[in-house]
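J.: The structure that follows is given in the form of structure tokens.
The values are calculated or read from the model by the stated rules, or taken from the named source; none is laboratory data. Because the structure is predicted, anything quoted here is derived from the model rather than measured. Methodologically, a virtual Cβ is constructed for each residue, glycine included, from the backbone with ideal geometry; neighbour enumeration extends over all protein chains shown. Heavy atoms of the whole protein, side chains included, go into the accessibility calculation; ligands, DNA and RNA do not. Shrake-Rupley method; radii C 1.70, N 1.55, O 1.52, S 1.80 Å.
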Amino acid sequence: MKIQKEHLAIASVPVQSWGELYNQDDALKTGTIFKELDLPFFAAEQIRASLTSSEDALKSPEEQKCNERLMEIQKVSFVMDDLRLYLDTHPDDLDALAMLKRVLGQRKQMLSDFATEFYPLTMDCMEGIYERDPSSICYCWQEGPVPWEGVCY
């Protein structure tokens, strides 16, 4: 049996350029940090509306604070991921690289602060706990819910 090679489709992908960027809040809501990539899609409005939920009003101040910090980490992590994807195709873009370096440092600090105040989100955060208290016998995941549960307490 002879297999024929046929093309089902040929993709035409324009080269992305460095341009105006969204702030972290808008980037997370739109799904990109790049304004030129924010193209209309009818379902996007429903998603954006769900991100501004009133469920936080029912939580304790401590839970609200925890959720606010988690959202800030999520925003900076999203920007970091979008920049990494951009740099995969534009490795010589010095503006993007400088921004990535800044965002990486910001995220590392945010994760460390969160681990100190609440509980660690990553294994890297546990290192700081052991540095501050070398005698600690805590594996630390029991200090809070596992990160993928989406709650603070």
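J.: Check which residues have an amide H placed less than 5 Å from Phe34's amide H, if you skip close sequence neighbours.
T.: Amide H to amide H, under 5 Å and 5 or more residues apart or across chains, Phe34 pairs with Tyr22.
J.: Would you mind working out the accessible area per residue for segment 73-125, using a 1.4 Å probe, and quoting it in Å²?
T.: Value for segment 73-125: 55 Å² per residue.
J.: What is the calculated FRET efficiency for Thr89 to Asp113, with r their C-beta to C-beta distance and R₀ = 41 Å, to the nearest 0.05?
T.: 0.80
J.: Say the cut-off is 23 Å between C-alpha atoms; which of Lys35/Lys75; Lys65/Lys108; Lys35/Lys108; Lys59/Lys108 go over it? Walk me through the intermediate numbers first.
T.: Numbers: Lys35/Lys75 16 Å; Lys65/Lys108 19 Å; Lys35/Lys108 26 Å; Lys59/Lys108 27 Å.
Cα-Cα > 23 Å for Lys35/Lys108; Lys59/Lys108; rest within.
J.: Report in % the part of the accessible area of segment 59-112 that belongs to carbon and sulfur, leaving out ligands and nucleic acids; probe 1.4 Å.
T.: Answer for segment 59-112: carbon and sulfur cover 56 percent of the accessible area.
J.: For a paramagnetic label modelled at 7 Å from the Cα of Glu62 toward its Cβ, which residues of segment 111-135 fall within the zone defined by backbone nitrogen distances under 17 Å?
T.: 114-120
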